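In what follows, a single structure is set out as structure tokens and then discussed.
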Amino acid sequence: MGELAPPPHHPPPGQSVTRTSLPGNPLAPSAARRFVRAALADWTGLALPAAAAITDRVAHDAVLVVGELVTNAVVHAGTTVELLFRLEDPAEGRPAALVLEVSDHHPARPVRHDAFQEDEDGLDEYGRGLRLVAALTECWGITYRPGLKTVWARLPLDGWDTCPVPGAEPAIQRGLRAAEILAPPPRRVVRDDHEWAGRGALSFLAEASDLLAGQLDEDLVAALAGQLLVPRLADWCAFWLEGEGTGGGGPRLARVWHADESALEPLRTVLEKEPPRMPEPPGTRPVPVPWPSPDGCGAARPAGGPAPGAHGTDGRAQGVDGDGRAQGVHGGAGGASTHATHAKHATHAAPGGAALAYRLVVGGHALGTLMIGRRGQDRIPDAVTTLVEDFARRVALAVGAARRYTRQVTISRVLQRGLLPSQVAQIPGVESRVVYEPSDDGLAGGDFYDVFQAGPGLRRWCFMLGDVQGSGPEAAVVTGLARPWLRLLAREDHRVGQVLDRLNRLLLDDATEAAEAAASMVAAAGDLPGGPQPPAQPQARFLSLLFGELVPLGPEEGGGARCTLASAGHPLPLLLRPDGSVTPAAVPQVLLGVVDDVGYESHTFHLAPGDTLLCVTDGVTERRSRTGRMFDDGDGLAEALAGCAGLPAREVAERIKHAVHAFGETPVCDDLALLVLQAR
């Protein structure tokens, strides 16, 4: 194994190069195989001498190798996969060859070279794919570049120097190459089921736990689980996932995986007709199910019912108990069936193979069903059924965790929508534009905004932009209080400074009441011997806020609007004049909810036609670059705003938003909110 130089951007004479980019998902390996087959089919029609040496064997090996390499990149890196495939003519004594390069963007995860070491229990399962690559190729290796890891493999074209003369038929006949290359017959997977009784099972379960942990999408969990099962333990598998809640509907077929791609769609068609009917209450033991057949025979039989010809030793048909165990008398006292007996006798199959179904159960609740099948067998070995049972428990836990996360995100999004206005008021003579992007942590709270008319018939409009300290439920509580309070205080005809004074008092009173309630609970808990632990002290409820009001002015008053605003611990608003000059439009003051009896002051100025007022939260000003520098360091926000002179409010908002996103290399991790007000 050696290093291969990076491929040139422009291939030299004697090389045909094709490349593609694949998403890091379960569909990438099959897409890579189709890509390689199509490239081989194209190259066989070229006049290059090496192309004529592409035989059926070489084509099949190339498809196998690219499938293994791309699968390895998807499973262990999870990033976008770059695939390069080239045909090399002979040079400097080296034969012609096919070279595959598979790159991922996670170079911090090295390929384990010790995966080729054998132990007393057999081969390490981790390196089985690369062992196949090593067996089929002349050489292979790994190249590390900044931000990129490339695994490459070279397949020599034997007999290139004895290829037919130009004009003769190549090794792959032209009339047959589409059928032979694009749809090669599948190879039978050779399995050693005895390895699953020892260290192989532990290695498999450890790999599964590592891969499934932290997955936040239940469909992705099913997709990854299918890749782990097929073809290691089964020829095909299918996942049904139950709907959530009483109105969630029946189970849906979330994923079907088959070792033979040509059989995938026919299998899906059969399985979609009717999901397996599992016994109640839900258990985790395997249940025998009919082999899927195109005519649907046996599909109507409840799972666990007697399969055709499946009988115990005394002639009684096999059934299942409430936990999914096979029942029947097998010569033992009392007729109790052990788990081993179930595996040996309850998986008799209809012609085609043996199939088992497992409930995905967490906390007594069924989340779905896993079905596996093996072709040409009348039973699935005990070691495999036990291993898949343990594997199904891990899949169920991963699905349950993904659902909890999805439920939390959904609740947070609904709550977030309820905390923000459904629309902002239109101010006569003033164009407004709001940009709001919540963080991707799935938690409600944080930034909020509003633009509203102070009261019916009043020619006074108020605007606010706030940022609650913290996030999650505590922040959502403060947001849910602050915005309605501000609307109410403004409509009671309080001036801007007075509104902030009263909101500050309300926050302090609310915090005092919460602290007193917590102290009472602590005292009550202390009076009870062995009672519950006292609750944690409530989080301080304070926020930064920019609040102001606009009064439109007529032509006789100079047009535009009279603006009065105050900033409480908030990034200062910036005023952009038509000449490109930028100045702060307020003075800094203390946060709300921190100090009693502050006395907030406001500042009034004329927002003349063409003037633009920019209000932002700290998600804008504190956006960090890779070096740790913040967006507003060195008046970065003012500089970005100065470049927006002459632009309408909508374009000002979009340009500032794009500048914030482009400033850092990573996604924005904090709420981002900005409000642009421009007098016309």
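Miscellaneous remarks
- Accessible solvent surface per residue of the stretch 465-506, calculated while the other protein chains remain in place, 1.4 angstrom probe, Å²: 41 Å²
- Inter-label distance, T666 to R459: 5.1 nm, where each label sits 7 Å from its Cα along the C-beta direction.
- For the stretch 212-269, the solvent-accessible area works out to 39 Å² per residue, with a probe of 1.4 Å and every protein chain left in place.
- At full extension, E601 and E431 could sit 58.6 nm farther apart than now, given 0.36 nm per residue minus the alpha carbon distance.
- Stretched out straight at 0.36 nm per residue, the stretch from R252 to D509 would grow longer than its current Cα-Cα span by 87.4 nm.
- Ordering of 277-288, 96-107 by packing is 96-107, 277-288, highest average first (other Cβ atoms within 10 Å, averaged per residue).
- Computing FRET efficiency as 1/(1 + (r/R0)^6) for T410 and R562, where r is the C-beta to C-beta distance and R0 is 41 Å, gives about 0.40.
- Taking 0.36 nm per residue of separation and subtracting the Cα-Cα distance, full extension of the segment from R34 to H194 would add 54.2 nm.
The values are calculated or read from the model by the stated rules, or taken from the named source; none is laboratory data. Quick caveat, the model's predicted, so the values are computed rather than measured. Here the Cβ is made from the backbone with ideal geometry for all residues, glycine too, and neighbour counts use every protein chain on show. Heavy atoms of the whole protein, side chains included, go into the accessibility calculation; ligands, DNA and RNA do not. Shrake-Rupley method; radii C 1.70, N 1.55, O 1.52, S 1.80 Å.
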